[in-house]
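Below is one structure; the comments refer to it alone.
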Amino acid sequence: MRRQLILLAALLFVPLPGAFAASVVERLKVPEGFRIEVLSDQLPNARAMALGSEGTLFVGSREAGKVYALRPGEQRPRVIASGLKMPSGVAFHQGDLYVSAVSRLYVLRDIETHLDAPPKPEELPPQFPGETHHGWKFIAFGPDGKLYVPVGAPCNICRPDRERYANLQRMQPDGSQREVVAYGVRNTVGFDWDAQGRLWFTDNGRDLLGDDQPDDELNRVGKAGDDFGYPDCHAGRIADPEFAQRPCSAFVAPVAGLGAHVAALGMRFYSGEQFPAEYRGNVFIAEHGSWNRSRKVGYRVVRVELNADGSLKRQSLFAEGWLQPDEEVLGRPADVLVAADGSLLVSDDMAGAIYRIRYVGK
């Protein structure tokens, strides 16, 4: 019966019952010296994560339409907002929680002092396209104090208005001074800044070009207005057979190809001190997993090491087992986040869980 439930959930992408995560964790693998455990298994459809100044973990969702708050030391989250349209993205800034809901942004003011009686979400002025195809949004505040908001392409492959779609935007916390930072971005569901303040993001490659192309991408923004190629070019080297108008050389190439159809979503630089020193500055990426490949790929967390100049050094597996050798799917990593104690949190929207990875020594 359990196996039938797993297969049904994987097919329909619906959350599994919370208690399931406890049985999953025993089948997950992390490097020697690390331990993975369940932080909470009571967050249906858990997606993007953000930390409050008092240690509260905020978690968005997609189909569930809810935003959760998990206090330190607790396993049962509070629902602090509900009935929102795909509120995947959450970002904490100066005591307030910002939430993305496809076409709108909301703010829950002074949220950590009102967790038991949360305020009504305040709607910000900016409006975004209402399409749900790539319409859910990861959001984050940059070191410049501005809110960064992506808008995905409303299709698998098309040439939409570049000022409205397939870009990454930023604005002041009140929604003013909105501008495009990066063009040609098909669908980013994760971005972060390195120690030098440079913006990096993952981007999902297009479908229907075969099982093995094009790669998802890890990109770095060099300057505002950089164009990363969609829909003309994919993975820095594949001209689109339908929409290519300029050569791939006209666009910013990715720093790394991450593999085709792995669905690279949340990414963070490791800035903690709990892991060994060689992990400092590495990129961790949650791969949500393929949905239409003939054999499944992804469903894991990967580690990307960079050289001092920002070029790729190597990629390796860090946490795996959500995809079993027989293609049984046990979960779908959606985001990663470095906790205050330096452990790495991983959200799983299929199991409705947050996992914690700690270094315990060899």
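The values are calculated or read from the model by the stated rules, or taken from the named source; none is laboratory data. Predicted model only: the values in this text are computed from it and were never measured. Neighbour counts run over all protein chains shown; Cβ positions are idealised from the backbone, glycine included. Ligands, DNA and RNA are stripped out before the accessible areas are found, and what is left, the full protein with its side chains, is counted by its heavy atoms. Shrake-Rupley method; radii C 1.70, N 1.55, O 1.52, S 1.80 Å.
For every residue, the table says whether it meets (1) assigned to a loop (DSSP other than H, G, I, E, B); (2) in contact (Cβ under 8 Å) with a residue 40 or more places away in the chain.
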position	(1), (2)
Glu26	no, no
Glu32	yes, yes
Leu43	yes, yes
Val59	no, yes
Ser100	no, yes
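Has segment 209-216 got any residue that is part of a loop (DSSP other than H, G, I, E, B) and touching a residue at least 60 places away in the same chain (Cβ under 8 Å)? Break it down into steps so the answer makes sense when it comes.
Just the residues of segment 209-216 that are part of a loop (DSSP other than H, G, I, E, B), to begin with: 209-214.
Then keep just the ones that are touching a residue at least 60 places away in the same chain (Cβ under 8 Å); that gives 211.
So far as segment 209-216 goes, yes, one or more of its residues are part of a loop (DSSP other than H, G, I, E, B) and touching a residue at least 60 places away in the same chain (Cβ under 8 Å).
Only residues that are open to solvent by less than 10 Å² (accessible area, probe 1.4 Å) and assigned to a strand (DSSP E or B): list them for segment 346-362, please.
Scanning segment 346-362 gives Val346, Ser347, Asp348, Ala353, Ile354, Tyr355, Ile357.
Go over the candidates Arg303, Arg356, Arg314 one by one and state the one that is touching a residue at least 40 places away in the same chain (Cβ under 8 Å) and of a type outside the set (Val, Ile, Thr).
Working: Arg303 fails: touching a residue at least 40 places away in the same chain (Cβ under 8 Å); Arg314 fails: touching a residue at least 40 places away in the same chain (Cβ under 8 Å).
Going through Arg303, Arg356, Arg314 in turn, just one is touching a residue at least 40 places away in the same chain (Cβ under 8 Å) and of a type outside the set (Val, Ile, Thr): Arg356.
Here is a list of conditions, (1) more than 21 Å from the chain's Cα centre (by Cα); (2) of a type outside the set (S, T, N, Q); (3) open to solvent by 10 Å² or more (accessible area, probe 1.4 Å), and Ile111 meets all of them except one; can you say which number that is?
(3)
Here's a check for you: in segment 228-260, which residue that is under 18 Å from Pro154 (Cα atoms) and under 22 Å from the mean Cα position of the chain (by Cα) is surrounded by the fewest Cβ atoms within 10 Å (Cβ to Cβ)?
Applying the filter and picking the extreme gives Pro231.
Mind listing just one residue for me: the one in segment 315-338 that is within 19 Å of Phe191 (Cβ to Cβ) and open to solvent by 10 Å² or more (accessible area, probe 1.4 Å) and, of those, farthest from the chain's Cα centre (by Cα)?
Gln315
I'd like to verify a number: residues in segment 261-271 that are open to solvent by 10 Å² or more (accessible area, probe 1.4 Å), in contact with a Ser or Thr (Cβ under 9 Å, 6 or more places away or on another chain) and of a type in the set (Gly, Ala, Ser), how many?
Total satisfying the criteria: 1.
Of the residues that sit in segment 135-151 and are aliphatic (A, V, I, L, M) and in a strand (DSSP E or B), which one is nearest to Asp192 (Cα to Cα)? Give the steps one after another, and end with the answer.
Pass one, segment 135-151, residues aliphatic (A, V, I, L, M): 139-140, 147, 149, 151.
Subset that is in a strand (DSSP E or B): 140, 147, 149, 151.
Working: Ala140: 8, Leu147: 12, Val149: 12, Val151: 16 Å.
The residue in question is Ala140.
Can you spot a residue in segment 307-314 that is in a strand (DSSP E or B) and buried (at least 21 other Cβ atoms within 10 Å of the Cβ)?
As a first pass, look at segment 307-314 and keep what is in a strand (DSSP E or B): 312-314.
Next, only the ones that are buried (at least 21 other Cβ atoms within 10 Å of the Cβ) stay: none.
Checking segment 307-314: not a single residue is in a strand (DSSP E or B) and buried (at least 21 other Cβ atoms within 10 Å of the Cβ).
So which of Ala91, Ala81 ends up being closer than 20 Å to Gly352 by Cβ, buried (at least 18 other Cβ atoms within 10 Å of the Cβ) and either touching a Leu at 6+ places or on another chain (Cβ under 8 Å) or not small (Gly, Ala, Ser) (or both)? So that I can check it myself, show each step before the final result.
On the way: Ala91 fails: closer than 20 Å to Gly352 by Cβ.
Sole residue among the options that is closer than 20 Å to Gly352 by Cβ, buried (at least 18 other Cβ atoms within 10 Å of the Cβ) and either touching a Leu at 6+ places or on another chain (Cβ under 8 Å) or not small (Gly, Ala, Ser) (or both): Ala81.
Taking the condition modelled with pLDDT of 95 or more, farther than 24 Å from Ala263 by Cβ, touching a helix residue (DSSP H, G or I) at 6+ places or on another chain (Cβ under 9 Å) and open to solvent by 10 Å² or more (accessible area, probe 1.4 Å), does Pro125 pass?
Values: modelled with pLDDT of 95 or more: yes; farther than 24 Å from Ala263 by Cβ: yes; touching a helix residue (DSSP H, G or I) at 6+ places or on another chain (Cβ under 9 Å): no; open to solvent by 10 Å² or more (accessible area, probe 1.4 Å): yes.
Answer is no for this residue.
Do we have Val99 as farther than 23 Å from Ser40 by Cα, surrounded by 23 or more Cβ atoms within 10 Å (Cβ to Cβ) and at pLDDT 95 or above here?
Numbers: farther than 23 Å from Ser40 by Cα: no; surrounded by 23 or more Cβ atoms within 10 Å (Cβ to Cβ): yes; at pLDDT 95 or above: yes.
Considered against the rule, which asks whether it is farther than 23 Å from Ser40 by Cα, surrounded by 23 or more Cβ atoms within 10 Å (Cβ to Cβ) and at pLDDT 95 or above, Val99 comes out as no.
Name every residue in segment 172-208 that is assigned to a strand (DSSP E or B) and surrounded by fewer than 12 Cβ atoms within 10 Å (Cβ to Cβ), in order of residue number. Steps first, please.
Here is the first cut: in segment 172-208, the ones assigned to a strand (DSSP E or B) are 179-183, 191-193, 199-203.
Once the filter is applied, which keeps residues that are assigned to a strand (DSSP E or B) and surrounded by fewer than 12 Cβ atoms within 10 Å (Cβ to Cβ), segment 172-208 yields only Glu179.
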